[in-house]
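Quick note: the coordinates plus some simple rules give every number you see, no bench work behind them. Predicted model only: the values in this text are computed from it and were never measured. Methodologically, a virtual Cβ is constructed for each residue, glycine included, from the backbone with ideal geometry; neighbour enumeration extends over all protein chains shown.
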Amino acid sequence: MTSPLFEPHQQTLIDCCLNTIAHIIPVSALVYYLVNDHCQPDNYVLHGISAKMHEEYLTYFHQLDPLHPDHFRSDDLRLVRMDSEIHQQNQAFFHDFMQPNNMADMAEIFIRRKNKIIAGISVLRDSPFSQQEIMRLNAILPVAELMTFDVLPDSLVSYTPKEQEIIHLVREGASNKRIALLLGVSLSTVKTHLRNIFTKANVTNRTELVSSGFIIRQEKL
């Protein structure tokens with residue numbers, strides 16, 4: 001028996017994100033995937049796409065995919081779509097894969113950590129996206145990022161128990177004064193902890209910390 005790719009709580013998060021996308025715009029199919037260190041997709045979660053179509057893509061067409069994450073590893077784009085220029089330059093992919101599967105348009109969401117693509121979501125449609133729908137996809141990016149950061153935490157970063165407490169309070173919106181009061185420490189101590197946390201997470205402020213995908217893992221004593 002094959003082991004599931006994701007833990008049950010991770011699968012629930014992914015399903016929730018894909019269902020949210022399907023609710024905000026009409027879609028024909030969605031595919032969530034992780035991206036390995038070689039910028040290759042792996043660990044796929046299919047939504048509304050047949051296993052046969054997906055296998056066909058992996059076998060014959062993934063190297064022709066103009067929205068493959070490897071093409072975007074050196075920039076900072078988080079959402080791309082198959083516009084007329086990309087369509088014109090990649091007619092084989094469109095005519096041999098998309099058209100036979102009744103797909104007219106495609107967009108790709110890239111989830112990045114420190115500008116490196118770590119996951120993606122393919123959004124496929126049987127009709128072209130409107131500009132409003134692209135704007136809605138843009139709006140869902142923070143949700144997709146936070147979900148992925150929970151599914152794929154940065155295992156290279158570890159925090160002390162006190163730092164973990166402070167991170168949780170920061171995520172809840174507590175001010176430095178509130179954190180000092182709750183933890184029974186001085187304001188300067190809280191600021192020192194935050195500086196250490198920012199350094200470990202490679203961020204410069206609270207907003208970046210909350211959206212950076214940090215892991216909560218205790219230091220071994």
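Annotations
- Net length gained if the chain between Ala92 and Leu141 were fully extended (0.36 nm per residue, minus Cα distance): 14.7 nm
- Projecting the Cα atoms of Val210, Leu34, Gln164 onto the charge dipole of the chain (Cβ charges, centred on the Cα centre) puts Gln164 farthest toward the positive pole.
- Model label zone, Asn19; criterion: amide N under 13 Å from point 7 Å along Cα-to-beta-carbon; scope the stretch 39-58: none
- The amide H of Tyr159, built 1.01 Å from its N in the peptide plane, has Arg217, Glu219 as neighbours under 5 Å, considering only residues 5 or more places off or on other chains.
- Taking the C-alpha atoms only, the angle from helix 8-24 to the longest principal axis of the chain is near 60 degrees.
- Summary value for the chain: 20 percent relative contact order, contacts being C-alpha pairs under 8 angstrom separated by 6+ residues.
- Rounded tilt (10° steps) of 131-151 against the dominant C-alpha axis of the chain: 50 degrees
- MRE, 222 nm, helices only [DSSP H, n ≥ 4, -39500 (n - 2.57), over the chain, to nearest 500]: -12000 deg cm²/dmol
- Shown is the FRET efficiency for Glu165 and His62, computed with R0 = 45 Å from the Cβ-Cβ distance and rounded to the nearest 0.05: 0.55.
- Label-point gap, in nm, between Asp83 and His54 - each point 7 angstrom along Cα→Cβ: 3.1 nm
- Largest first, the extents of the alpha carbon coordinates of the chain on the three principal axes equal 65, 44, 31 Å.
- Kirkwood hydrodynamic radius of the stretch 83-198, from the reciprocal of the average inverse Cα-Cα distance over all distinct pairs: 18.0 Å.
- Among the trypsin sites (Lys or Arg not before Pro) found in the stretch 6-102, those both in a DSSP coil and sparsely packed, with 15 or fewer other Cβ atoms within 10 Å of their Cβ, are Arg73.
- This model, with +1 at the C-beta of Lys and Arg and -1 at the C-beta of Asp and Glu, gives the stretch 1-90 a dipole about its Cα centre of some 220 debye.
- With the simple model of a label 7 Å out from the Cα in the direction of the Cβ, His38 to Glu208 spans 3.2 nm.
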